[in-house]
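Heads up: the structure comes next, in structure tokens.
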Amino acid sequence: RMSRHAQQLRDHDINPCVVETDATRKCMDDNNYKKDMCTAYFLKYKNCRKFWHDIMMQRKRNGVKPEMPSAEERRKMLESVG
């Protein structure tokens, strides 16, 4: 059984970077944990975290709740920027 924290990390409404996390983990598994083989995946994950963190901070400053948009809201936001 997964811990509550682990379940939250799998929740698309809480963690906007589940796809990037999974891709990075799969790359590491596939490449015998050689980090240099997965640099692009780490970069995508880092960019994802930074992007949504910045949005969360902006929403917090503006008093928008919840601070992290839902998975559906994020999907619409990403579609609108191309």
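Considering the chain, what Rg and Dmax in Å follow from its alpha-carbon atoms?
14.5, 44
Under 8 Å for C-alpha pairs, at least 6 residues apart: give me the relative contact order for the chain, rounded to a whole percent.
Relative contact order of the chain: 29 percent.
With a 1.4 Å probe and all protein chains left in place, how much of the accessible area of the chain comes from carbon and sulfur atoms, in whole percent?
Carbon-and-sulfur percentage of accessible area, whole number: 56.
Going down the list 26/65; 26/60; 26/50; 44/65; 26/46, which pairs span over 24 Å between their C-alpha atoms?
Values: 26/65 33 Å; 26/60 33 Å; 26/50 21 Å; 44/65 26 Å; 26/46 16 Å.
Pairs exceeding the cut-off: 26/65; 26/60; 44/65.
Between residue 22 and residue 56, what length in nm is gained on full extension when 0.36 nm per residue of separation is reduced by their alpha carbon distance?
Gain on stretching residue 22 to residue 56: 10.1 nm.
Counting other Cβ atoms within 10 Å, keep those with at most 10, restrict to DSSP loop, and tell me which chymotrypsin sites (Phe, Trp or Tyr not before Pro) in segment 1-65 are left.
Numbers: sites: 33, 41, 42, 45, 51, 52; in loops: 33.
Taking segment 1-65 and a limit of 10 other Cβ atoms within 10 Å, the loop chymotrypsin sites (Phe, Trp or Tyr not before Pro) found are 33.
Can you tell me the length gained on complete extension of the stretch residue 42 to residue 2, counting 0.36 nm per residue apart and subtracting the Cα distance?
Once the chain is fully extended between residue 42 and residue 2, it gains 12.0 nm.
Can you pull the one-decimal nm distance between simple spin-label points at residue 71 and residue 34, each 7 Å off the Cα toward Cβ?
3.4
The values are calculated or read from the model by the stated rules, or taken from the named source; none is laboratory data. None of these values were measured; they are calculated from a predicted model. Here Cβ is always computed from backbone atoms with ideal geometry, including for glycine, and neighbour counts include all displayed protein chains. Ligands, DNA and RNA are stripped out before the accessible areas are found, and what is left, the full protein with its side chains, is counted by its heavy atoms. Shrake-Rupley method; radii C 1.70, N 1.55, O 1.52, S 1.80 Å.
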